[in-house]
Amino acid sequence: MYPYMMAPSYAGAGSTDDERTEAEREREREEEARHRDDDPDLRSCLAVSKYIVHATDGDIGHVTGYLIDDETWAIRYLIVNTSNWWLGHQVLIAPQWIQEVSWLEGEVLVKLTRQAVKDAPPYDPKKPVDRNQEARIYDYYGYTRYWAVSKLDQ
C-alpha cells in the first residue's frame with residue numbers, strides 16, 4: 001500500500017466510492033506487477049547514506065555520498081565524512097573494502113583500521129578524482145587497483 005492511495009482525491013474528483021476502490025485495486029495490481037521481480041535484498045543508495053562506518057577497531061565516520069563510474073554505473077567509492085571523529089576530513093573507501101552492511105544497525109563495516117582511515121588521502125569534492133589520485137588511494141590502503149584486475153579474474 002502506498003500513502004498516496006489513501007488520499008481521498010486519488011481516483012479523481014467526482015468519482016464514486018465504488019469506482020475509487022476499483023481504481024485503487026487496479027493501481028495496486030499494476031504496482032505489484034512492476035515490482036514482482038525486484039531483488040528484496042537490494043537497497044537504495046539513499047538508504048545507506050548517513051550509515052555509520054565502522055572500522056575493525058571502532059567507528060570512524062558516516063557515509064555522505066558516492067562516486068559513480070559514469071561508464072559502467074558501478075559505485076567506485078563511498079564518500080566517508082570523519083568530521084565527528086577528526087575535523088573536516090572526508091575520505092574515499094571502495095566497496096570492495098566493505099566487509100558487511102548491517103541494515104538493522106545502520107552500519108557499514110570496513111576491512112580497515114581507524115588509523116588507516118584517519119591518515120588516508122583526503123577527498124576534496126571540488127576536485128575531480130583522476131586515475132593518479134585513485135592509484136594513491138589504492139596504494140595507501142594496500143589493495144589491488146580495480147582497473148588492474150583482468151576481465152578473466154572477475
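Extension gain for K111-I98 works out to 4.1 nm (0.36 nm per residue, less the C-alpha to C-alpha distance).
Between A23 and S49, what's the calculated FRET efficiency when r is the beta-carbon distance and R0 is 41 Å? Round to 0.05. If you can, show how the numbers build up before the last one.
Working: r = 35 Å, r/R0 = 0.85.
The pair A23/S49 has a calculated efficiency of 0.70.
Taken together, the values in this text are just the output of simple stated rules run on the coordinates, not laboratory data. Please read these numbers as outputs of a predicted model, since none were measured by experiment. Positions of Cβ are generated from backbone atoms using ideal geometry, with glycine treated the same way; all protein chains shown enter the neighbour counts.
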